[in-house]
Structure formats: C-alpha cells, structure tokens
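K.L.:
Here it is: the structure, laid out below.
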Amino acid sequence: MPTLEKPKKRDMLKIDDIHVYRGRTYVLQGVSLEVGRREIVALIGANGAGKTTLLRTISGLLRPKKGKILFQPDSQSQEIDISGASPEQIVQLGISHCPEGRGIFSRLSVLENLMIGAYLRKNRNEILDDYNSICRVFPILKEREDQAAGSLSGGEQEMLAIGRALMSRPELLILDEPSLGLGPIVVESLFQVLSEINSRGVTILLVEQNAIMALDLAHRAYVLETGRVVLYGTSGELAGNEDVQKAYLGGIV
Amino acid sequence: MIMTRNRLIHCALFIAGIAFTASAGMALNEYVLSIINFAGIFIILAISLNITNGFTGLFSLGHPGFMAIGGYVTAILTFPVSKKAMFLEVPPWLASMEMPFLPALLIGGACAALTAILVGVPVLRLRGHYLAVATMGFLIIVQVLITNWETVTRGPLGLNGLQPLTHLWWVYAWVVITVYVSWKIKFSSYGRSMLAIREDELAAQCLGINLFRTRVAALAIGAFFAGIAGGLWAHLVTAITPASFSLVLAFNIVVMVVVGGTGSITGSFAAAILFSVITEIFRPLEENFDIYGIGEILMALILILILIYRPSGIFGNKEPGVLSPPNKKGGCL
Amino acid sequence: MSGGYIAQQIVNGLVLGSMYALVAIGFSMIYGIIRLINFAHGDIVMIGAFVTLGLFQTLGIPFPVVALAVLTAGGIIGIMIERGTFRPIRGAPQVTGFIASLGISIMLQNLGVMFLTAQPRNFSFPDYLQRVIKIGAVTFRTIDAVIMISAFCLMALLMFLVHRTKLGMAMRATAENIDMARLMGININRTILSAFAMGSALAGIAGLMWGGKFGQIDPLLGFVPGLKSFVAAVIGGVGSIPGAILGGYILGLSEVLFVGLLPPVYSAFRDAFVFVTLILILLILPNGIFGKRIEDRP
C-alpha cells in the first residue's frame, strides 16, 4: 500500500461512497474519490471496472442509488450535492464531460459543434474569445470549421471533442479515453495539450487505458477494480507499486 | 403428483366449460348469446395475434386483412349455388360448389396462412415499427382489392344473406383449438426459439435458430387463426363487407394483446373478454345519449395508461398458476 | 391528352404535394428527434380544419388571424400529446410509442365524432379565395395559389429556424445523439417539445388548407392525409426535413398523375398504389432519398 497522500484542503469534487446500478448490474459498489482544485487525476483499471459508469454518474447521465457527489465550482462558493442533478444543471455548474467515442455531432459543422459546447453561455464576446483561443491550440479546427464534423479524422475529432468541452468554460474537464484509436504521435501531442489546458487552471479527471501515459500526465491516480477503488496515491507512488506495474504497466517502467 | 392434480383441475374446468356452453345455448337469449359468440371470436383473434406479436415480437397490424381473406373465402365457398348464380360472376367450378362449413373454414384459414407466407417473405425483413407500417399497408391494400373486385366480392356492398352457420359450439371449439395450439407452441422448443427472436435476434441466430423461417411461420400461424375467425365472424353476422376489417379493428386486437400482456395467452384471453364486455356496456349508452365513440375513447385511454404505468400488460408474458385458459372460459363469462 | 391537360395535372399535384409536404415535415421532425412514428399526426390536420371552421365561419374572424390561430392551436395540441403520452413512455421500445400514438389517434377521432358528430360539414371560404384564375390552359382558384405560396414560405421559415438558430442547432444535435446533447447543457425536454410544436403547427395549417381545397370536413379526415404524408416522409427519408418536402411533392404529383393519366378504372386503386409504393420503398430504399442511415435507439 502506498502512503496515502492527504487530499488537498479544498477539494473541487468529492465523491462519497456512491453505489450505481446499470439495469440490474451492480456496477459501482461504494466508490469514493477526491479531485483537488487544478489537479489532474487519472482513473485506471481494466475493462468493466466501472470507470465510464463513474464518469457518467458525475455528469448526471446516471443516478447513484446511494452516496453523495459534492462539487464546489470555485473556492468561494458552497459545496453542492450534484448526485441528483440533471446533466444540464451540471454543465451549468462547470463540469464538462467529453465521453468515450468522442460523441461529436457528425452532421453538424465543426463550427456548430464548437458553438454548441457554449450552449448555455450568453456573452457572445467571451464565447468568441474562447473560440479563437481553442483555434490557436487546434488550428486544424479553424481550417475545417465549415466541414461536417463527421468528415474529420479520428485525431481531429478528438481535438474537436476536447475543444467543444472547453467551450463551456468548465472548471472541471472529464475525459473518457481520449487516446482511444489514435496513433502514438497524435496521443503525444494530445497529452501535451491537456497539460497545457491544466496549467491554465482547468481541473482534469481522466480515464485512460494507456496507464503509462496517464500516470505520466496526472498528479494523482485511482485504480478501480470491479466497482471499487483498490488503490490510490500520487502518480509516482502508483507507478512504483508492484501490483500496478504488473497489472497495468506491463511490468516495465 | 402436482401434475395429476393440475390435470384433474384442467379436466374439471373443461367439463364445466362444456356444461356452461351447453346450458348457455339453451338458457340465454339471442342477444346475450351473440355477445358470447363475439367474445369467443375476439379471443381467437387476440390469442392468434399473440403468437405473431407476443411470442415472436413481429408487430403486425395486418390481422384484419387475414381475417378478411379467411372470411371471404369461407363465405364464397358456403354460398348457396342458387345465390351465386344470381349475385356473383365466378368461374363455373366455383359457381357449382357449395361446401359444408368445416372444410370451407379450413380452406379460408389456409388461404389466409398462404397469403401470410407470400406477404411475409418480402415484408418480414423489416423491423419494429416499419413492419407495423408495412402490415398496415397490407391491410389497406386488401381492403382496396376486396372493394374493387366486384364480380366476386360485390365490392363495398359485401356479401349478405350468408347462412347462419356459426353457433356457440363452433366458436368455442375453435377457441379451445386456438388456445391449445398456442399453448403447445409457447411451451415447445419452437416457442422458445420465437421468444429468443423477440428478445435478441442476433443471439437467436447464433443459437442456430432459423430466423426467417420462424418469423414467417409465426405470421402464418397467426394468420390461419385470423382466417378462421373471419369465417366464423361472416357466418355469425351472416354478412361480410370490406369495411368490417378496418384499421380500428386491428387497433382493438392490438390493444387486447398489449393490455393482456404481450406473450401471455391468459392475458389475451382475459383482455378479449374485457373488451367485449366494455363494448357492450357502452353500446346502449352511445345509442341512448347520442355520444358515439365513447367506447373507443375509453379503449384508447386504457391502452395509453397501461403503456405508461404497466408496459408489460396485466399478465406480463406469464400464465397464472395451474389454470389453463380454455377451462377458465366457464368462469369468466 | 394535351400539354395543357398535363400542365393542369401538375398544378393540381403541386397543390396536393404542398399539403403532404407540410404534414410530412412533422412526421420527419418527430421521428428524427425521438425515433417515433407519431400516428396521431394526421389527426392534427383534422383539428386544424375544425379550428378554422369554428373561428372563420362561425365567429367571422379575419383570415390571416385565423391562420395564425390555427398554427398556434396545432402547436398546442402537439405539446399536449408529447407531455401527456410520449414523455412518460420515453425510453420504451419504439413499437410502444407507435401503439400509443395509434391510441391517441383513435381517441382524437372519436372525441371529434362525439363532440362534432360524424356528419361532414361544408367548409367554404369567402369569394376572394374562391376566385378562378386562368393562365393559359391551366385554371386554379386563389386558394390553390395561397396553399402553394404559404406552404413554400412556411417551409422556408422552418428551414431557417432549424439551420440558423440556436434552438434549431439544439434540435439537430438532439436528433443525432440525445445523451451528448444533454452533456452540452441542452434541455432535451424542451427541444423535443419544440419539434412536436413546430411539426404539429404545420399539420394544423395543412388542415386549414385541406378544408379550403376540398370544401368538406369530418372528424375522420385526418387519416388519409396522415398516412400519405407518412409515405411521403418515408420516400424522402424519415428524419430529413428536405426529404419530407421532396417526398411530399413527389407523392402529390405521382398520385394526381396516376389518377389523371391512367384509365378511370384504376383510380379506385389509388390508395393501394400509395401503399404498394410505401412497402416497395421500405424494402428497396429503406433510408429514402435523403435519409442517412439512422441507427435505432433501444
């Protein structure tokens, strides 16, 4: 067991013992975790461990049967229990979820996809600013803004999905398998961008199959197995853990 | 031990049913008898649609179309030779033929089943509500064809003056046969493959079930009994017109199956009786107070409430306890 | 058979097609957004026709005001149907929604019979809408021109709403992926409701046109245009609005030409013709002309 790092004083997201069912399957069997402000936290675990379910519960697509999800958008505001809130409300509070398989709207144009990310925002100038800064990070999106999003390549679609998620100006960005189906060079630059986004003040919760890269990027990580957190700690601690090495890092570090 | 007790109960109920049918035929007046007859025909319709719709999940609105085919074929076959010469222009071999009821009914049912196979082979490639729409199209095409084939069907006038051949024994014998066949299918390996198709087509195929043949068979078996019901109907009303086999009828049968619980024979049985009773209760109300349509409105309302609050119907797809439907007949009417 | 005769048939086909197109749009919008074939859609045409009759002929309210009121009434009915029935069963298998819509259709028709009686009523527009116009060999009434032009304007307005406004963008996003739309912060209940309201408003106004064109209305009148417009939507590709419009005109033209150019013996088979076409299209070209492959939702 690695030494448990004390979570930062004011956590942004605090999940307290949630239990989630999908149909009759008992998927999350009491999961607790914390994400500190401006942190990058990675969730690793095998297929079927419940990572995606956890993310979908945070963003309100699924409802926990039991347990609390406390979210504090900024350090001044009150903690809010979002476990019963609708996805719309949760987006409004500042959580943006970029799901597995990207979920871009393939029949909308690239520009429309980005604009729909800012659906709840009113201030047009701010939206335009964000749009411009996203286009600076992903110039290809600017080039293709009038194309149907379905015509983009996999890597471009991932950029679009992340850009779209950022258009809501989230405090917390949730990413589900951003590297899925992408070539190693694209993944490399993608993770570069994520760390950049984080350095601008966006907190990131990340699910990733590629545990090596995830631990490289994240400050802390949790290991999920069959619906429970079995291990957590700083990335360094987990990367040094023998079990983690065997199970997720292929024994080479 | 339990098997024999169940069998005893089945036998007892069966005898009670026969006794009831016999005494009803003697004691009750024409009006009540006709209601009981119509209820029986609805039971046949609901249970046969349940084979197609409930067991296999093929959502068909074409049931009255098959019923019309069975009804017209039976009616033309039993039509007296003298009347045929007067009203119809049919080929000589048909004009000189006057069949007894049973073979005419069976041929009617067979024609309906054959049509189901011919229609089913192309159309059963469709799924879900597209299949529903296509079968509705089939129903309307049948109606248009019957309406316009005046030399044989007398068009919108229909055939009237049919012999009143249908009576309680005919109807309930067919109810028993329908229930029995449907029961046998449900609890055979064939029925289980139908159920597998309803639940998950891909998985069913992986288990080696011939998807297409089973689907066509389910449609054809349902159509056969719909055809029989059509023949019984024609000779109960002693008239047959294309307008009788409308989409509203299709809807009513679907309501019975859905309300009873798709897949449940008992459910279809009970819902058919419930439907007949409700219609009869509301008929005098409609006529006396001039508020036509209230029965239909109520039916639609029940349907929508069931879909919202109990989407699997009253009985789900189960059969209750030891009772088997044919024997419940006596108790329920 | 002269060129003038054919031109006349084409004009008739365009008038009929305009009405089919307006109704078909609603089918397509609703199908596109929640994968529901709303069988009750045709009965909104009937309601639109009766609202017109009531406001215009009984109360003598001026025509443009009536047209707006009918649009509103159609929209309100659509909203009530969605809230009352389709929202509670959302997530159920598609066929459940279809049966429920059949139930609503039967209910609306019979409510019509109960309160309005099944007796057909005459529906007459004032003289300025009945005036006969003659251009070359083609004659038509003012109402025919009104139908064609206003249908065109309404469709243009709808295309603008769907493609150039935020609500339209939200509707298209919801149609493509409901969960994703929710993650964008879109209130899908409101988007779905808007689709119902817009589609039903167009069906309502089609009822006004139907009454004006054929001069007689009864509570069961919605059935046939409903079914045929559904066929039109399938021809164009259910879910696609341009497809529904194109399908409406194709069906209107081919139906009129079928009746007008073939010997009269066949005209009795026009409904059968429509459905044979439907089944063939479902089998051969299941996604219609413009339809993209729409994945089924569970």
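The values are calculated or read from the model by the stated rules, or taken from the named source; none is laboratory data. Treat the numbers as computed from the prediction; the structure is a model and nothing was measured. Glycine gets a Cβ as well: all are built from the backbone with ideal geometry, and neighbour counts include every protein chain shown. Accessible surface is based on the protein model in full, side chains and every heavy atom, while ligands, DNA and RNA are left aside. Shrake-Rupley method; radii C 1.70, N 1.55, O 1.52, S 1.80 Å.
K.L.:
Pull up the stretch B:244-259, narrow it to residues that are under 14 Å from C:Phe223 (Cβ atoms) and in contact with a Gly (Cβ under 8 Å, 6 or more places away or on another chain), then point me to the one that is nearest to the other protein chains (Cβ to nearest Cβ).
P.N.:
B:Phe251
K.L.:
What single numbered condition from (1) within 20 Å of B:Ile253 (Cβ to Cβ); (2) modelled with pLDDT of 85 or more fails to hold for B:Phe79?
P.N.:
B:Phe79 satisfies all of (1) within 20 Å of B:Ile253 (Cβ to Cβ); (2) modelled with pLDDT of 85 or more except (1).
K.L.:
Output the residue which, of all residues in the stretch B:222-243 that are within 14 Å of the chain's Cα centre (by Cα) and not aliphatic (A, V, I, L, M), is nearest to the other protein chains (Cβ to nearest Cβ). Give the derivation first.
P.N.:
As a first pass, look at the stretch B:222-243 and keep what is within 14 Å of the chain's Cα centre (by Cα): B:222-234.
Next, from what is left, pick out any that are not aliphatic (A, V, I, L, M): B:222, B:224-225, B:227, B:230-231, B:233.
Numbers: B:Gly222: 16, B:Phe224: 22, B:Phe225: 21, B:Gly227: 21, B:Gly230: 20, B:Gly231: 24, B:Trp233: 21 Å.
Here the answer is B:Gly222.
K.L.:
For the subset of the stretch B:120-156 comprising residues that are more than 7 Å from chain C (Cβ to nearest Cβ) and aromatic (Phe, Trp, Tyr), which member is nearest to B:Thr52 (Cα to Cα)?
P.N.:
We begin by selecting, within the stretch B:120-156, every residue more than 7 Å from chain C (Cβ to nearest Cβ); these are B:120-121, B:124, B:127, B:131, B:135-136, B:138-139, B:142-143, B:146-147, B:149-156.
Still in the running and aromatic (Phe, Trp, Tyr): B:138, B:149.
Values: B:Phe138: 16, B:Trp149: 29 Å.
Per the criteria, the residue is B:Phe138.
K.L.:
Just to be sure I understand, how many residues within the stretch C:246-270 are over 21 Å from the mean Cα position of the chain (by Cα) and touching a residue at least 60 places away in the same chain (Cβ under 8 Å)?
P.N.:
Adding up the residues that qualify gives 2.
K.L.:
Specify the residue that is farthest from the other protein chains (Cβ to nearest Cβ); the eligible residues are those in the stretch C:260-289 that are surrounded by fewer than 18 Cβ atoms within 10 Å (Cβ to Cβ) and of a type in the set (Val, Ile, Thr).
P.N.:
C:Ile289
K.L.:
With A:Leu152, A:Leu141, A:Leu128 as the choices, which residue is aliphatic (A, V, I, L, M), surrounded by fewer than 16 Cβ atoms within 10 Å (Cβ to Cβ) and away from chain C (no Cβ under 14 Å)? Walk me through it before giving the result.
P.N.:
Numbers: A:Leu152 fails: surrounded by fewer than 16 Cβ atoms within 10 Å (Cβ to Cβ); A:Leu141 fails: surrounded by fewer than 16 Cβ atoms within 10 Å (Cβ to Cβ).
Every option except A:Leu128 fails the conditions.
K.L.:
Can I ask one more? Being under 15 Å from the mean Cα position of the chain (by Cα) and closer than 30 Å to A:Ser75 by Cβ: is that true of A:Ser195 here? Break it down stepwise before answering.
P.N.:
On the way: under 15 Å from the mean Cα position of the chain (by Cα): yes; closer than 30 Å to A:Ser75 by Cβ: yes.
Yes; evaluated as a whole, the condition is true for this residue.
K.L.:
Checking the structure you have, find out if any residue of the stretch B:214-230 is touching a strand residue (DSSP E or B) at 6+ places or on another chain (Cβ under 9 Å), closer than 30 Å to B:Phe38 by Cβ and not hydrophobic (A, V, I, L, M, F, W, C). Show your work before the answer.
P.N.:
Going residue by residue through the stretch B:214-230, those that are touching a strand residue (DSSP E or B) at 6+ places or on another chain (Cβ under 9 Å) are B:230.
Next cut, closer than 30 Å to B:Phe38 by Cβ only: B:230.
Next, from what is left, pick out any that are not hydrophobic (A, V, I, L, M, F, W, C): B:230.
Checked the stretch B:214-230: at least one residue is touching a strand residue (DSSP E or B) at 6+ places or on another chain (Cβ under 9 Å), closer than 30 Å to B:Phe38 by Cβ and not hydrophobic (A, V, I, L, M, F, W, C).
Conditions (1) over 17 Å from C:Ala201 (Cβ atoms); (2) modelled with pLDDT under 90, marked per residue:
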site	(1), (2)
C:Gly75	no, no
C:Gly78	no, no
C:Thr96	yes, yes
C:Ser105	yes, no
C:Leu108	no, no
C:Phe115	yes, yes
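K.L.:
Within the stretch C:3-106, considering only helices (runs of 4 or more DSSP H) that don't extend past its boundaries, which have at least 3 residues that are among the aliphatic types (A, V, I, L, M) and surrounded by fewer than 22 Cβ atoms within 10 Å (Cβ to Cβ)? Working first, answer last.
P.N.:
Numbers: elements: C:3-34, C:41-52, C:63-81.
Answer list for the stretch C:3-106: C:3-34, C:63-81.
For (1) open to solvent by less than 60 Å² (accessible area, probe 1.4 Å); (2) closer than 24 Å to A:Gly60 by Cβ; (3) touching a residue at least 60 places away in the same chain (Cβ under 8 Å); (4) aliphatic (A, V, I, L, M), each residue gets a yes or a no:
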site	(1), (2), (3), (4)
A:Ile174	yes, yes, yes, yes
A:Ser179	yes, no, no, no
A:Ile185	no, no, no, yes
A:Glu188	no, no, no, no
A:Asn198	yes, yes, yes, no
A:Val207	yes, yes, yes, yes
A:Ala218	yes, yes, yes, yes
A:Gly233	yes, no, yes, no
A:Glu242	no, no, no, no
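K.L.:
Give the number of residues within the stretch A:23-51 that are of a type outside the set (Ser, Thr, Tyr) and either under 15 Å from A:Gly67 (Cβ atoms) or in contact with a Lys or Arg (Cβ under 7 Å, 6 or more places away or on another chain) (or both).
P.N.:
So the first thing to find is which residues in the stretch A:23-51 are of a type outside the set (Ser, Thr, Tyr), and the list is A:23-24, A:27-31, A:33-51.
Still in the list and also either under 15 Å from A:Gly67 (Cβ atoms) or in contact with a Lys or Arg (Cβ under 7 Å, 6 or more places away or on another chain) (or both): A:27-31, A:33-34, A:36-37, A:39, A:41, A:43, A:45, A:50.
Here the count works out to 14.
K.L.:
Which of the residues that make up the stretch B:287-307 are of a type in the set (Asp, Glu) and either open to solvent by less than 30 Å² (accessible area, probe 1.4 Å) or in contact with a helix residue (DSSP H, G or I) (Cβ under 6 Å, 6 or more places away or on another chain) (or both)?
P.N.:
Within the stretch B:287-307, the first condition is being of a type in the set (Asp, Glu), and the residues that meet it are B:287, B:290, B:296.
Answer for the stretch B:287-307, where residues must be of a type in the set (Asp, Glu) and either open to solvent by less than 30 Å² (accessible area, probe 1.4 Å) or in contact with a helix residue (DSSP H, G or I) (Cβ under 6 Å, 6 or more places away or on another chain) (or both): just B:Glu296.
K.L.:
How about the stretch A:86-117: which of its residues are over 16 Å from A:Arg144 (Cβ atoms) and more than 9 Å from chain C (Cβ to nearest Cβ)?
P.N.:
If the condition is that a residue be over 16 Å from A:Arg144 (Cβ atoms) and more than 9 Å from chain C (Cβ to nearest Cβ), then A:Leu93, A:Gly94, A:Ile95, A:Glu100, A:Gly101 are the ones that fit.
K.L.:
Let me ask you something else. Being under 26 Å from C:Ile186 (Cβ atoms) and open to solvent by 50 Å² or more (accessible area, probe 1.4 Å), is that true of even one residue in the stretch A:28-49?
P.N.:
Checked the stretch A:28-49: no residue is under 26 Å from C:Ile186 (Cβ atoms) and open to solvent by 50 Å² or more (accessible area, probe 1.4 Å).
K.L.:
Of everything in the stretch C:147-205, what is more than 14 Å from chain A (Cβ to nearest Cβ), within 23 Å of C:Gly91 (Cα to Cα) and of a type outside the set (S, T, N, Q)? Give them in sequence order.
P.N.:
As a first pass, look at the stretch C:147-205 and keep what is more than 14 Å from chain A (Cβ to nearest Cβ): C:147-161, C:193-205.
So of that shortlist, the ones also within 23 Å of C:Gly91 (Cα to Cα) come out as C:193-200.
Matches in the stretch C:147-205: C:Leu193, C:Ala195, C:Phe196, C:Ala197, C:Met198, C:Gly199.
K.L.:
Now, a different point. Residues that are touching a Phe, Trp or Tyr at 6+ places or on another chain (Cβ under 9 Å): list the helices (runs of 4 or more DSSP H) wholly contained in the stretch B:30-113 that include at least 1 such residues. Lay out the reasoning, then the answer.
P.N.:
Values: elements: B:30-49, B:63-78, B:81-87, B:92-95.
Passing ranges, in order: B:30-49, B:63-78, B:81-87.
K.L.:
Related question: What single numbered condition from (1) within 30 Å of B:Pro311 (Cα to Cα); (2) at pLDDT 90 or above fails to hold for B:Leu126?
P.N.:
For B:Leu126, the failing item is (2).
K.L.:
Filter the stretch A:180-231 down to residues that are charged (D, E, K, R) and closer than 23 Å to A:Gly94 by Cβ and give me whichever is modelled with the highest pLDDT. Give the derivation first.
P.N.:
Within the stretch A:180-231, the first condition is being charged (D, E, K, R), and the residues that meet it are A:188, A:196, A:200, A:208, A:216, A:220, A:225, A:228.
So of that shortlist, the ones also closer than 23 Å to A:Gly94 by Cβ come out as A:196, A:200, A:208, A:220.
Numbers: A:Glu196: 92, A:Arg200: 90, A:Glu208: 88, A:Arg220: 95.
Going through the qualifying residues, I end up with A:Arg220.
K.L.:
Check the stretch C:125-148 and report whether any residue there is modelled with pLDDT under 95, of a type in the set (Gly, Ala, Ser) and in a helix (DSSP H, G or I).
P.N.:
Yes - at least one qualifying residue is present in the stretch C:125-148.
K.L.:
If I ask for residues that are assigned to a loop (DSSP other than H, G, I, E, B), open to solvent by 70 Å² or more (accessible area, probe 1.4 Å) and under 17 Å from B:Ile47 (Cα atoms), which ones from the stretch B:182-229 would you list?
P.N.:
Across the stretch B:182-229, the qualifying residue is only B:Phe187.
K.L.:
The conditions are (1) among the small types (Gly, Ala, Ser); (2) open to solvent by 10 Å² or more (accessible area, probe 1.4 Å); (3) touching a helix residue (DSSP H, G or I) at 6+ places or on another chain (Cβ under 8 Å), and C:Gly215 fails exactly one of them. Which is it?
P.N.:
(3)
K.L.:
Let me ask something else. Which residues, taken from the stretch A:64-88, are free of Cβ contacts under 8 Å to residues at least 40 places away in the same chain and open to solvent by 10 Å² or more (accessible area, probe 1.4 Å)?
P.N.:
The first filter runs over the stretch A:64-88 and keeps only residues free of Cβ contacts under 8 Å to residues at least 40 places away in the same chain, leaving A:76-78, A:80-82, A:84-88.
Matches in the stretch A:64-88: A:Gln76, A:Ser77, A:Gln78, A:Ile80, A:Asp81, A:Gly84, A:Ala85, A:Ser86, A:Glu88.
K.L.:
Moving on to the next point. Tell me which residues, restricted to the stretch B:299-319, are assigned to a helix (DSSP H, G or I) and at pLDDT below 85. First the steps, then the outcome.
P.N.:
Here is the first cut: in the stretch B:299-319, the residues assigned to a helix (DSSP H, G or I) are B:299-309.
If the condition is that a residue be assigned to a helix (DSSP H, G or I) and at pLDDT below 85, then B:Met299 is the only one that fits.
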